[in-house]
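Novice: The structure that follows is given in the form of structure tokens.
Just so you know, all these numbers are worked out from the coordinates, no wet-lab data involved. Every value quoted in this text rests on a predicted model; they were computed, and no experiment measured them. Backbone-built Cβ (ideal geometry, glycine too); neighbour counts: all protein chains shown.
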Amino acid sequence: MGFYPDSIPAKSARATPAGRVRAATAALALAAAFPAGAAALPAFTGGVSPLPAAAKARMTPSVWRPGCPVPLERLRRVVITYRTFGGRARRGIVVVNADIARRTLGAFRRLYADGVPLRRVVPIEAYGGEDFRSIEADNTSAFNCRAATGSSRWSQHAYGRAIDVNPIENPYVSGGRTSHPASVPYLDRARVRPGMAVEGGPLVRAFDAAGLQWGGRWAGTKDYQHFSTGG
Ligand SMILES: [Zn+2]
């Protein structure tokens, strides 16, 4: 997405299709040789900063508008490096409340070190602030001024205190069902596949270490993609 300069592949990825294939092949070979880590990839880079004026403009009014429970000044742009499902390094952006920005950076640093793949990580204004479209794209995202699913209360996402990770692999499950056809195979949580959040797995451990609670532990309705400071 050229719209987001920081979502272009990180420096190590080659620009040409042939280079991309070579890089991917090398990454796969190294992944086979070092299955536990990200030995083939460059070091994690990232950081926390206030939202640039251009980002604030893009977010208004689809993602943020007057009346939302936190002002744009309370939000931070967390730039991260993540591993793709193809084993390459990419740069992503997560927008969260200032009070969880450092630990969010820490959690994504740990995901990268542990080789946990993410599909894409772009701010939700790329999908007009529509959660459904962002999920269909299997996009990892955080801040979005919206109500909780099936409720009139503000979601923790509206405070920038919740992060949804790989939402296709980690669906919101109510009554044993998901609204996203691509998530149906992932209703089976016992068969663990890449990018899934499971108890004891590296994805859940990274967010546990950051002090964010997992929606996969909720009684009844489960929100396997959701990590938050509560609710
Ligand atoms: Zn969520």
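Novice: Mind sorting 145, 68 by how few other Cβ atoms lie within 10 Å of their own Cβ, fewest first?
Specialist: Details: 145 23, 68 19.
The fewest-first ordering by Cβ neighbours comes to 68, 145.
Novice: Same structure again: Looking at the range 165-205, which trypsin sites (Lys or Arg not before Pro) are DSSP coil and have at most 11 other C-beta atoms within 10 Å of their C-beta? Write out the running numbers ahead of the final one.
Specialist: On the way: sites: 177, 189, 191, 205; in loops: 189, 191.
Loop-located and lightly packed - 191.
Novice: How do 99, 223 rank when sorted from fewest to most other Cβ atoms within 10 Å of their own Cβ?
Specialist: Details: 99 14, 223 23.
Ordered from fewest to most neighbouring Cβ atoms within 10 Å, 99, 223 come out as 99, 223.
Novice: Can you pull out the chymotrypsin sites (Phe, Trp or Tyr not before Pro) in the range 76-159 whose DSSP state is coil and whose Cβ has at most 15 other Cβ atoms within 10 Å? It would help to have the intermediate numbers written out before the result.
Specialist: Values: sites: 82, 85, 108, 112, 127, 132, 143, 154, 159; in loops: 85, 143.
For chymotrypsin sites (Phe, Trp or Tyr not before Pro) across the range 76-159 that sit outside H, G, I, E and B with at most 15 neighbouring Cβ atoms in 10 Å, the list reads 85.
Novice: Once label points are set 7 Å from the Cα along Cα→Cβ at both residue 74 and residue 219, what is their separation, rounded to one decimal in nm?
Specialist: 3.0 nm
Novice: Note down the nm distance, to one decimal, between modelled labels 7 Å out along Cα→Cβ at residue 189 and at residue 53.
Specialist: Taking the simple label geometry, residue 189 and residue 53 are separated by 4.7 nm.
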